[in-house]
Amino acid sequence: MRLSRFKTAETVAWGVVENGTIHSLTGTRYEPTLERISSAGYRRSLEKKVRESNLQTYDTEDVSLLAPVPQPPKIVCVGMNYHDHAEEQDEEVPEKPLLFGKAPTTVTNPGDPIVHPAALEEVDYEVELGVVIGSTTRSATRKEAKQAVAGYTVINDVSGRDAQFDDGQFFRGKSYDTFSPMGPVLATPEEIDPNDVSLSCKVNGVEKQSSSTSNFIFDVFELISYISDAMTLVPGDVISTGTPGGVGIFREPRELLEPGDEVSVAVEGIGELCNPVTEEQH
């Protein structure tokens, strides 16, 4: 099942997406929260509701799809979590996950612009599988980690490389406004195997990244367990699980984003997330 937040002329709502149609859950007792979505029983009831009821529907082309989590309590990112990304940097495979954070205010919606800051010259793309937490968890076992997931989405971990390298750490370069496009839907845990799906990135229609999460160094449930040993994960937290090889900064010559570009990142079973790049306006 694929769920979306969406906006019409009148309201913002949740719905179930099927074959280009959104079944609105507004006004029903099945209106979702991330906590409810993480419950397998709720998901089964919701599927039955969609099959058996005449819910109000919209064509996806007639609404605006929104990021499933507009402002997460925290965004936890994983650096160098694909074997091919480690190889392109000529780096050793890490023994433990390399964690960093992004500001929650970086989240932007499908179709909305990625704003290229005037102060930066090296803005890069990174397709990533996003994991949305649905229940509070601490020191999770692998089983508990699976049960904590509300669903999966697509994230473009846009990165200001010059800020990142100047600072010698990630936070500022990753945290400019609009640097976390997210969407287009939230795929529930039954929809995909998060550790074996393909993902890709295109800039202006030209493929730049193509890989599979089967190339993870640390899989999704290892990451949840490891992160939750250090901090309590709460509903709405997002884990951005790392990017594969092919990022612009390590290409020869470098291929970085410029105003006027369009970036499309996709994960199998979830969908494609497209955003234009625009110049910062003063």
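The alpha carbons of the stretch 193-252 stretch over 39, 20, 20 Å along the principal axes, in descending order. The phi torsions of the stretch 77-83, fed into the Karplus equation with coefficients 6.51, -1.76 and 1.60 and a -60° offset, translate into couplings of 10, 10, x, 6, 10, 10, 4 Hz, rounded to whole numbers, with Gly and Pro shown as x. The alpha-carbon of K143 sits under 16 angstrom from the alpha-carbons of these aspartates and glutamates, leaving out residues fewer than 8 places away in its chain: E190, D193, D219, E222, D229. Axis angle, to the nearest 10 degrees, between helix 220-230 and the longest C-alpha principal axis of the chain: 80 degrees.
Extension gain for T33 to R254 (0.36 nm times residue separation, less C-alpha to C-alpha distance): 75.4 nm. Taking only Cα atoms, what is the 0 to 90° angle, nearest 10, from helix 40-52's long axis to the longest principal axis of the chain? Computed tilt is about 60 degrees. Just so you know, the averaged projected area of the alpha carbon convex hull for the stretch 1-155 sits at 12.3 nm².
Taken as Cα centroids, the stretch 199-224 and the stretch 60-113 sit 11 Å apart, rounded to the nearest whole angstrom.
Computed from point charges on the beta carbon alone (+1 for Lys and Arg, -1 for Asp and Glu), the dipole magnitude for the chain about its Cα centre is near 1600 Debye. Overall form of the stretch 237-282: oblate. Here a/c, set by the Cα gyration tensor axes a ≥ b ≥ c, is 1.5 or more, and a/b is not larger than b/c. Evaluated at q = 0.08, 0.13 Å⁻¹, the base-10 log of the normalised Debye intensity for the chain, with identical point scatterers placed on the Cα atoms, takes the values -0.31, -0.84. In this structure the amide hydrogen of E18, modeled in the peptide plane, comes within under 5 Å of the amide hydrogens of H23, none closer than 5 places in sequence on its chain. Within the straight-line cut-off of under 16 Å between alpha carbons, the aspartates and glutamates reachable from K202 are D124, E126, E128, D157, E255, E258, D261, E262, E268, E272, sequence neighbours fewer than 8 places apart in one chain being disregarded. Sorting 111-117, 184-190 by their mean Cβ neighbour count within 10 Å, with the most densely packed peptide first, gives 184-190, 111-117.
With both bridge residues required to lie in the chain, what share of the DSSP beta bridges run antiparallel, to the nearest 5%?
90
Every read-out reported here was derived from the displayed coordinates using simple, explicitly stated rules and does not represent laboratory data. Predicted model only: the values in this text are computed from it and were never measured. Glycine also receives a Cβ, built like all others from the backbone with ideal geometry; neighbour counts cover every protein chain displayed.
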